[in-house]
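**Student:** Could you have a look at this structure, given as structure tokens, before my questions?
The values are calculated or read from the model by the stated rules, or taken from the named source; none is laboratory data. Since the structure is predicted, the reported quantities are computational estimates derived from the model, not experimental observations. No Cβ is skipped: glycine too gets one built from the backbone with ideal geometry, and neighbour counts run over all protein chains shown. We work out accessible area using only protein heavy atoms, side chains counted, and drop any ligands, DNA or RNA first. Shrake-Rupley method; radii C 1.70, N 1.55, O 1.52, S 1.80 Å.
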Amino acid sequence: MGEVVEVNSSPTTPQPGIKPTPPVISPPPFQHHSPSLARSPLIDTIPKTSKSPFVGRIMTPLASPMKKAFSTMQGYLEEVGHLTRLNPQEAWLPITESRNGNAFYAAFHTLSSGIGVQALVLPLAFVYLGGWSWGIISLSLAFVWQLYTLWLLIQLHESVAGTRYSRYLQLSMAAFGEKKGKLLVLFPTMYLSGGTCVTLIMIGGETMKILFYQIACRIQSCNVNPLTTVEWYLVFTCSAVVLAQLPNLNSIAGVSLIGAITAIAYCTIIWVVSVVKGRPMGISYGPPPLEVNSDVARLCAALNGLGIIAFAFRGHNLVLEIQGTMPSSVKQPSRLPMWKGVKFSYLIIAMCLFPLAIGGYWAYGSLIPTNGGMQTALYKYHRNDTSKVILGLTSLLVVINCLTSFQIYAMPVFDNLESRYTANMNKPCPRWLRTGFRVFFGSLAFFISVALPFLPSLAGLIGGIALPVTAAYPCFMWMMIKKPAKYSGMWCLNLVLGCLGMVLSVMLVFGAAWSIVALGIEAHFFKPQSLYRDIWPMSMSPIFH
């Protein structure tokens, strides 16, 4: 790091009539371009020398260059490393292995994790909530609430001097303590990551099957022997695992960009086609008949709708991880580019989710299918009056988005697996072991998708379990770490939002569980059933077995 300049400290013989000058030390080469030449707070703590003639004549020539050198090095450390206490293990893990991210990367990752197939069931939340008013109000409040908690997490990333919390679990342990932090956060965050990957395998595999039908079976007499649902799940899983061999979170920025573009594209295509083609016969905007038998049934249906909205706004378990891939300094802390990327991405997310929910509810009302949402409705009501190219393009975009979203949601799981190895062995994972971890996770997700094919029907329950991660924990963590003055505005706001988030989480889990017990779901263990089995002609039914 720079050149080492040797200073001759031996006293020089003063010449008559010439005032001695102290030796000059040139800064290291990197310092010529560094703006951080301000006085360091540590320098200010050095006690001033006394006015003793001995100290003034002997110590001053040496103290001045040493002070300059110390200030130079201190400024460099502040500018480049933000005085962060570096853990060697951080450089071995997929999330923090590369720290050259920027606002564009943050926007790509946030869009890829913030828009996805979970948004396609948003119109169903409007049905459960009883119509336009409560649907729009709930969606708007949820959007503002989760954007606020995102801001809290971004600010808390470097809330303690010299420490970066690059994982949601690390911040939770710092706020609530090691044991309680793990107990509160480990299961929901891993459940979100793993459960989302399982859902992506199901939807991606079944959409691959639809795409195959549209390309290979354009005529009614299709002689191609199609793959089974399980085999299509396996095709998707193998493709996702191959793509998962990219080493770290920054290396998949291009993948996230593709995922963001495809998500925006298919969301826009689906709601535009649904609105342009008109509404089917027999449409209504009231709740389904099975949901209005009693007040308890209506309450539980509304709670299930709120759970669907909460599930659509998942992704908070990835915010700190995305910010952890950025460099940070005193003058350019990571929260600045991160917040810039998040603001841009959530503007795009709002432009996708709100038209999708409102337009989808206008187009289908209470006829929106419970499985697959808008994607299933598009095939069910408009497969005969919509161009095959548009339907095929929509299916292709959904498949690509599922493959790319799988990468960013699986990354925290990969990081957790590798962190256990590096902590025990005190060395980075060899390449073969890293590959093995990712193949193992893909195989486990594939097994769960086959064993529990009804998992997408539990969107409300998953949303209730994940709600504290999004709406409650960030508020409590702000109070525990920042310690705002009691009864101040921030203290009251975070206390109210945190408590309300916990209460809503309990109510959502209860409502979703009641709906499952009262209305039932098609639970076929180890018998995957296609989302589209009831919307195609009987002559094509073997494709969906």
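**Student:** Keeping all protein chains in place, calculate the accessible area per residue for the range 247-349 (probe 1.4 angstrom), answer in Å². Before the final figure, lay out the partial values.
**Tutor:** On the way: 4030 Å² over 103 residues.
Here the per-residue accessible area is 39 Å².
**Student:** Please give the contour-minus-distance gain from LYS182 to ALA161: 0.36 nm per residue of separation, less the Cα-Cα distance, rounded to one decimal in nm.
**Tutor:** Working: separation 21, 0.36 × 21 = 7.56 nm, distance 2.27 nm.
Gain in length upon complete extension: 5.3 nm.
**Student:** Give me the base-10 log of I(q)/I(0) for the range 391-452 at each q in 0.30 Å⁻¹, Debye formula, one uniform scatterer per Cα, rounded to two decimals.
**Tutor:** Those come out to -1.19, one per q.
**Student:** Starting from one equal scatterer on each C-alpha and no solvent at all, send me the Debye-based log10 I(q)/I(0) for the range 119-158 at q = 0.20, 0.21, 0.29, 0.33 Å⁻¹, two decimals.
**Tutor:** Reported log10 I(q)/I(0), two decimals: -0.63, -0.66, -0.90, -1.01.
**Student:** Based on alpha-carbon positions alone, could you give the equivalent ellipsoid semi-axes of the range 94-186 from the gyration tensor, as √(5λ), descending, whole Å? If you can, show how the numbers build up before the last one.
**Tutor:** Details: eigenvalues 197, 67, 32 Å².
Rounded to whole Å, the semi-axes are 31, 18, 13.
**Student:** Follow-up question, since we're still on this one. Let me know the Rg and Dmax you get for the range 427-498 when you use only its Cα atoms, in Å.
**Tutor:** Every Cα atom of the range 427-498 included, Rg and Dmax give 20.1, 54 Å.
**Student:** Give me the distance in nm between label points sitting 7 Å out from Cα along the Cα-to-Cβ direction at LEU347 and VAL496, one decimal.
**Tutor:** 2.9 nm
**Student:** Counting only other residues whose beta carbon sits under 15 Å from that of MET425, what net charge do I get with K and R as +1, D and E as -1?
**Tutor:** Values: positive: ARG420, LYS427, ARG431, ARG434; negative: GLU418.
With Lys, Arg at +1 and Asp, Glu at -1, the neighbours total +3.
**Student:** Calculate the FRET efficiency for ALA485 and VAL272 from the Cβ-Cβ distance with a Förster distance of 45 Å, rounded to the nearest 0.05. Present the calculation step by step, with values, prior to reporting the outcome.
**Tutor:** Numbers: r = 50 Å, r/R0 = 1.11.
Here the calculated transfer efficiency is 0.35.
**Student:** What is the local net charge at SER405, summed over the other residues whose Cβ is closer than 15 Å to its Cβ (Lys, Arg +1; Asp, Glu -1)?
**Tutor:** 0
**Student:** Another question, then. Can you tell me the order of 357-370, 125-138 when each peptide is scored by its average per-residue count of other Cβ atoms within 10 angstrom, highest first?
**Tutor:** Top to bottom by mean Cβ count within 10 Å: 357-370, 125-138.
**Student:** Report the extension gain between VAL439 and ALA451 in nm, rounded to one decimal, defined as 0.36 nm multiplied by the number of residues separating them, less their alpha carbon distance. Please report the intermediate quantities before stating the final value.
**Tutor:** Values: separation 12, 0.36 × 12 = 4.32 nm, distance 1.82 nm.
Here the answer is 2.5 nm.
**Student:** Follow-up. Residues with beta-carbon under 15 Å from that of SER98, excluding SER98: net charge, scoring Lys, Arg +1 and Asp, Glu -1?
**Tutor:** Numbers: positive: ARG99, ARG164, ARG434; negative: GLU90, GLU97, GLU321, ASP415, GLU418.
After counting each charged neighbour, the total is -2.
**Student:** What is the mean projected area of the alpha carbon convex hull for the range 363-403, to one decimal in square nanometres?
**Tutor:** On the way: hull surface 12.6 nm².
Mean projected area of the Cα convex hull: 3.1 nm².
**Student:** How far apart, in nm, are two points set 7 Å out from the Cα along the Cα-to-Cβ line at SER329 and at VAL296?
**Tutor:** 6.3 nm
**Student:** Please provide three numbers in whole Å: the alpha-carbon extents of the range 370-490 along the principal axes, with the largest listed first.
**Tutor:** Sorted from largest, the Cα extents of the range 370-490 read 60, 51, 26 Å.
**Student:** In the range 261-406, if every C-alpha pair distance is counted and binned at 5 Å from zero, what percent goes to each bin?
**Tutor:** With a bin width of 5 Å, the distribution comes to 2, 8, 14, 17, 17, 13, 11, 8, 5, 3, 2, 1, 0.
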